[in-house]
Amino acid sequence: MLFGKTTSYVDQKELDRLVVVCEKTIGPVERISSTSRDGVGRMEVYGIVTTPAWIAAQDDGTVLGLWQHRAPTLDELASVFRI
């Protein structure tokens, strides 16, 4: 899951690139608005206080990794998903 957006164009392009790579190698990335009612509620559940924030989770919602105010590296994601 990806909450929020970055504050700069360059950072947003890098974030978008990481999303494409993740979707090709790991699976779908759910983008969640950090300003919608549902998004804010989900951020509270996961204890997210800064965005962008990434959550690597299993299908049942179990959190495998959480990164706030930065995107995870591909190595970090690979180690979480054991790929």
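The values are calculated or read from the model by the stated rules, or taken from the named source; none is laboratory data. Keep in mind that what you see is a predicted model, and the values were worked out from it rather than measured. Here the Cβ positions follow ideal geometry from the backbone for every residue, glycine too, while neighbour counts run over all protein chains shown.
Of all the listed residues (Glu44, Glu14, Glu23), the sole one being closer than 27 Å to Arg82 by Cβ, free of Cβ contacts under 8 Å to residues at least 40 places away in the same chain and not aromatic (Phe, Trp, Tyr) is Glu23. Within segment 8-27, if we keep just the residues that are surrounded by 10 or more Cβ atoms within 10 Å (Cβ to Cβ) and among the β-branched types (Val, Ile, Thr), the residue that is nearest to Val63 (Cα to Cα) turns out to be Ile26. When you look at Arg42, is it surrounded by 13 or more Cβ atoms within 10 Å (Cβ to Cβ) and modelled with pLDDT of 90 or more, yes or no? For Arg42, the condition - surrounded by 13 or more Cβ atoms within 10 Å (Cβ to Cβ) and modelled with pLDDT of 90 or more - is met.
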